[in-house]
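Single-structure report; data block below.
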């Protein structure tokens, strides 16, 4: 491995390069643009033997992504915010056709008002479209998760597309030290890409035909079964990754921090977890038994593992960087559904929308609420 100080966007591009994609359909959008630029430079320099398709929109990028995989090519793409929304028509088609591939999503608030800054409203809004979603906290995890994501997505028991979600600007443009794996180790870790069923003029097949009422629901059940299967696959790939590269991320589904004796905990996704760690270390020095649950896999959602993680807590706070308008944060809804049998106070907080900072001060307020027995969350403004 080689240690380098690089931004997360470059780490994502390097991770993609190491997986040896055959095709990369791309359309640039802030703050994903550096991923596109870096991959184009790799190809131009001869570092990658890969076809980059310059398309006219994100909808076209998603369509080319679908077609490329269906033709038997390992394929990578990336997008953000309104770009992901423009892809929306194609997202469930890729999943419904059981086409494995990885897309990096530089998470950014959706309009209106116009915002180029980070929150989770883009990818979380797409959580029900049959894509595995893995959320990362650091540049190192971003690079590693692209590699893990390819193996998870292409597993014969899964065969579903996968999003690697990384916070826009808050992570995408931040420089950190990263261990870059060598190509030989990645080649050994990843199997060669092969599809049992693909577009082939010598062996014609129909893809994506009409599903009549007597068959459509069976296809959806198969997708659900594959999602449930991917829970164990994600854990196994994370474990195997540690054997090959010396690193892993919790169980692959959840990453727990100082939860062994915790009475109170916060739960969240992405870079806010780094600030939570700092806050927890500060409060631990004051004798407070606090911890954190980082959700790495939003889909599939690790219900059983979460039930075990919270069983000794007195109260839990869930931080959502997205709001399901008219209801609450989607993450807290998932958490409450997963642990409904537990006699546990769960407070949902909305924070960080449109790039607003989630500070140590705000986390201290959340932990204070839990200790005081407050029975509901709030919108967090600093």
Does any residue of the range 251-273 turn out to be assigned to a helix (DSSP H, G or I), surrounded by 14 or more Cβ atoms within 10 Å (Cβ to Cβ), on the phi < 0 side of the Ramachandran plot and at pLDDT 95 or above? yes
Can you find a residue in the range 337-355 that is touching a strand residue (DSSP E or B) at 6+ places or on another chain (Cβ under 6 Å), surrounded by 14 or more Cβ atoms within 10 Å (Cβ to Cβ), more than 23 Å from residue 231 (Cα to Cα) and touching a residue at least 60 places away in the same chain (Cβ under 8 Å)? yes
When every residue in the range 232-250 that is assigned to a loop (DSSP other than H, G, I, E, B) and surrounded by fewer than 18 Cβ atoms within 10 Å (Cβ to Cβ) is compared, the one nearest to the chain's Cα centre (by Cα) is 247
The range 96-197: helices (runs of 4 or more DSSP H) wholly inside it with 1 or more residues that are touching a strand residue (DSSP E or B) at 6+ places or on another chain (Cβ under 7 Å) are 121-125, 139-154
Examine the range 214-224 for a residue that is assigned to a helix (DSSP H, G or I), surrounded by 15 or more Cβ atoms within 10 Å (Cβ to Cβ), modelled with pLDDT of 95 or more and not assigned by TED's automatic domain parsing to the domain that holds residue 355, and state whether such a residue exists. yes
Where residues in the range 27-58 are touching a strand residue (DSSP E or B) at 6+ places or on another chain (Cβ under 7 Å) and without any contact (Cβ under 8 Å) to a residue 24 or more places away in the chain, which of them is farthest from residue 171 (Cα to Cα)? 43
Within the range 281-292, can one find any residue that is under 22 Å from residue 152 (Cβ atoms) and crowded, with 24+ Cβ neighbours inside 10 Å? no
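To keep it simple, each residue is scored yes or no on (1) surrounded by fewer than 17 Cβ atoms within 10 Å (Cβ to Cβ); (2) touching a residue at least 40 places away in the same chain (Cβ under 8 Å); (3) in a helix (DSSP H, G or I).
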| position | (1), (2), (3) |
| --- | --- |
| 278 | yes, yes, yes |
| 317 | no, yes, no |
| 326 | yes, no, no |
| 334 | no, no, yes |
Residue in the range 216-228 that is in contact with a helix residue (DSSP H, G or I) (Cβ under 6 Å, 6 or more places away or on another chain) and within 26 Å of residue 99 (Cα to Cα) present: no
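The values are calculated or read from the model by the stated rules, or taken from the named source; none is laboratory data. Note that the structure is a prediction, hence the values are computed from the model and not measured. No Cβ is skipped: glycine too gets one built from the backbone with ideal geometry, and neighbour counts run over all protein chains shown.
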